[in-house]
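As structure tokens, the structure follows; a few thoughts come after it.
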Amino acid sequence: MRTPTTLAALAAAAVGLAGLAATGPAGAASADDAIAALTQHPGIARAATGQGFVERSTLVDADGTTHTRVDRTFRGLPVIGGDLVVHQSPDGALDASQTLAAPLSLATKPAVTAAKAGTSALAPSKITNAITGDREVSGKTLVVDATGATPRLAWQVVTGGMQADGTPSRLASYVDARTGQVLRTEQEIVNVDGQGQSLYSGTVPLQLTQSGAAYQLKDSTRGGTYTTDLANKTDSLFCQIFQVGCQAGTTFSSPDTSFGSGTNANRESAGVDAQYGTNVTWDYYKFVHGRNGIFGDGTGSFNRVHYGQNYVNAFWDGSKMTYGDGDGVNFGPLVSLDVTGHEMSHGVTENTAGLTYSGESGGLNEATSDIFGTMVEFSAANTNDPGDYLIGEEFDLKNHVGFRRMDNPIADGSSPNCWSTGTKDLDVHYSSGVGNHFFYLLAEGSGAKTIGGVAHSSPTCDGSTVAGIGSDAAAKIWFRALSVYMTSGTTYAQARTATLNAARDLYGAGSTQQNTVAAAWSAVSVN
């Protein structure tokens, strides 16, 4: 995130319910209207005495309907999972999308000290044992954690270190401020849980920037997005937590307008794939969904390739995309179209719904990146990498099947096809299976077919037959649900409602598209 809003800043910016005022950009009349509406109709937000609201962003439909994202505070404390979207139509109708089930009512004086919370967060557990070099590296923040069924007063403690596969770790632990027990953890370094990629995009067009007699792998037409060679270095702990002092790498530069050789013998080749993937992803969001870059304001981010040694992963850290080289035997560099689209889409999610990276919302976060990574692959129409619903097949040097598939997620042995009460307890890369399966059924339908030269076959959990509406319509529904209706704590049941609302907005109530959304969710046991 380019200019992250800290929890302390959020609390400082909030205005109490008795005297709300917009805190968004100057001249944002729709934001003023949203905050004023919450003042006049506090029940819409399930508000309680002591709450405050901070406008984050506003989207305006063609008919003048506004959708304003609002963060919530309670007695001066940030409310994690308390965000909402205020919907206002030109005729004055008012509604809100939110995950908070009831007005907040809890004491805000902690019984556990900040120091004790830090000790609890660092205590040995299945999560912390998998991170090396973890230690407390930032201040502890008192918050209201409303992501669960019962809101709790909690300390948010952020620790750093290194995950088992070499990915940097920035772990947020939420410690109950009454009992000292760890309520939940959230990994804030968002990555692809998988394995590399070779260079298969062939000869591709690039927009370059001339600097003196040299040309840089930097695209001024897409927000100044650029790609650097990290020279197999890794990030420091300070970088992982505070996003300062990070390894920037060296921007790829050439004496002519040609980069790479299509092989790993030339370090530029991985950079070409990363830059190309970013370009295609930028264009997909701009021309299909009307979004101008990750942040929505035309500002670009950047790619770092050649991260670490034998690193078979890739990640988004809030400001940039980073790609490893793979191990060179089973997996090549992780710079395929679906992976670059996946990582950049994590940035879009962070800057729209902000889906929390744990529980069911974490699964939806990962599914969103798989969905749009797949759509980027389709939109590229690159004959070297035809569109399909496999995730990461290009970097899978031995088997060419990737590490996830959307038509039948359980094929990997861990990602469920069907929702259950245990879905929320799975790793987010596995709980995404439910969302991926839903999207495939919505787009392509059930049964067997060949897509991009690959055999696909999708069963249903209820034995039903689903006829798909096409991937383009399905993606438009998912994007509107993400950008207009989903909030940080959205569950699968709430995602059903969000996509039904989005389908109604786009195609009409009772339309084939809306009815198919309902059928596809039922087919993955989300009712």
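The values are calculated or read from the model by the stated rules, or taken from the named source; none is laboratory data. Because the structure is predicted, anything quoted here is derived from the model rather than measured. As a convention, Cβ positions derive from the backbone with ideal geometry for all residues, glycine included, and neighbour counts pool all protein chains shown. Calculation scope for accessible area: heavy atoms of the full protein, side chains included, ligands and nucleic acids excluded. Shrake-Rupley method; radii C 1.70, N 1.55, O 1.52, S 1.80 Å.
Annotation note: of Ser369, Ser345, Ser379, the sole residue that is assigned to a helix (DSSP H, G or I) and open to solvent by 10 Å² or more (accessible area, probe 1.4 Å) is Ser379. For segment 240-272, residues that are assigned to a loop (DSSP other than H, G, I, E, B), open to solvent by 60 Å² or more (accessible area, probe 1.4 Å) and under 26 Å from Leu337 (Cβ atoms) total 9. Checking the stated criteria, Val79 turns out not to satisfy the condition of being assigned to a loop (DSSP other than H, G, I, E, B) and surrounded by 15 or more Cβ atoms within 10 Å (Cβ to Cβ).
Annotation note: Cβ proximity below 6 Å between a residue of segment 375-391 that is closer than 17 Å to Phe287 by Cα and a residue that is open to solvent by less than 50 Å² (accessible area, probe 1.4 Å) and among the charged types (D, E, K, R) (sequence gap 6+ or interchain) occurs for Glu377/Asp338. Would you confirm whether or not segment 306-322 contains a residue that is of a type in the set (D, E, K, R) and open to solvent by 20 Å² or more (accessible area, probe 1.4 Å)? No, every residue in segment 306-322 fails to be of a type in the set (D, E, K, R) and open to solvent by 20 Å² or more (accessible area, probe 1.4 Å).
Would you be able to say whether some residue in segment 138-153 is surrounded by 19 or more Cβ atoms within 10 Å (Cβ to Cβ) and within 30 Å of Asn313 (Cα to Cα)? The answer is yes; a qualifying residue exists.
Give me the residue from segment 480-509 that is open to solvent by 10 Å² or more (accessible area, probe 1.4 Å) and of a type in the set (A, V, I, L, M) and, out of that set, nearest to Pro416 (Cα to Cα). Across segment 480-509, the extreme among qualifying residues is Ala493.
Every test in (1) buried (at least 24 other Cβ atoms within 10 Å of the Cβ); (2) touching a His at 6+ places or on another chain (Cβ under 6 Å) is passed by Lys449 save one, and that test is (1).
Restricted to segment 15-57, and to residues that are open to solvent by less than 20 Å² (accessible area, probe 1.4 Å) and part of a helix (DSSP H, G or I), which residue is modelled with the highest pLDDT? Out of the qualifying residues, it is Ala45. When Ala353 is tested against (1) open to solvent by less than 10 Å² (accessible area, probe 1.4 Å); (2) out of contact with any Phe, Trp or Tyr (no Cβ under 6 Å at 6 or more places or on another chain); (3) under 28 Å from Asn399 (Cα atoms); (4) of a type in the set (A, V, I, L, M, F, W, C), exactly one condition is not met: (3). Looking across segment 87-121, the residues that are surrounded by fewer than 18 Cβ atoms within 10 Å (Cβ to Cβ) and not in a loop (DSSP other than H, G, I, E, B) come down to Leu94, Asp95, Ala114, Ala115, Lys116, Thr119.
Show the residue pairs meeting these rules: Cβ distance below 7 Å; 6+ apart or different chains; first residue within segment 445-465 and at pLDDT 95 or above; second residue crowded, with 16+ Cβ neighbours inside 10 Å and among the β-branched types (Val, Ile, Thr). From residues that are at pLDDT 95 or above, the pairs are Gly445/Val466; Ser446/Thr460; Ser446/Val466; Thr460/Val466; Cys461/Val524.
Scanning segment 154-172 for residues being of a type in the set (Val, Ile, Thr) and either over 30 Å from Phe331 (Cβ atoms) or surrounded by fewer than 24 Cβ atoms within 10 Å (Cβ to Cβ) (or both) gives a total of 2.
One residue is enough: does segment 357-365 have a residue meeting the conditions under 24 Å from Ser458 (Cβ atoms) and either part of a loop (DSSP other than H, G, I, E, B) or open to solvent by 20 Å² or more (accessible area, probe 1.4 Å) (or both)? Within segment 357-365 (the criterion being under 24 Å from Ser458 (Cβ atoms) and either part of a loop (DSSP other than H, G, I, E, B) or open to solvent by 20 Å² or more (accessible area, probe 1.4 Å) (or both)), the answer is yes, since at least one residue qualifies.
Residues that are part of a loop (DSSP other than H, G, I, E, B) and not hydroxyl-bearing (Ser, Thr, Tyr) within segment 220-239 comprise Gly223, Gly224, Leu230, Ala231, Asn232, Lys233, Asp235, listed in sequence order. Here is the figure for segment 299-331: residues that are touching a helix residue (DSSP H, G or I) at 6+ places or on another chain (Cβ under 9 Å), among the small types (Gly, Ala, Ser) and either farther than 20 Å from His429 by Cβ or assigned to a helix (DSSP H, G or I) (or both) total 3. Counting only helices (runs of 4 or more DSSP H) that sit completely within segment 411-512, those holding 3 or more residues that are farther than 21 Å from Tyr284 by Cβ correspond to 428-444, 492-507. Across segment 452-479, the qualifying residues are those that are more than 30 Å from Gly290 (Cα to Cα) and touching a helix residue (DSSP H, G or I) at 6+ places or on another chain (Cβ under 8 Å), and the one among them that is surrounded by the most Cβ atoms within 10 Å (Cβ to Cβ) is Ser458. Note on segment 218-239: among residues that are among the charged types (D, E, K, R) and either without any contact (Cβ under 8 Å) to a residue 60 or more places away in the chain or touching a helix residue (DSSP H, G or I) at 6+ places or on another chain (Cβ under 9 Å) (or both), the one that is most open to solvent (accessible area, probe 1.4 Å) is Lys218.
Give the residues of segment 124-135 that are open to solvent by 40 Å² or more (accessible area, probe 1.4 Å) and not acidic (Asp, Glu), sorted by residue number. Pro124, Ser125, Lys126, Ile127, Asn129, Ala130, Thr132, Gly133, Arg135, listed by residue number.
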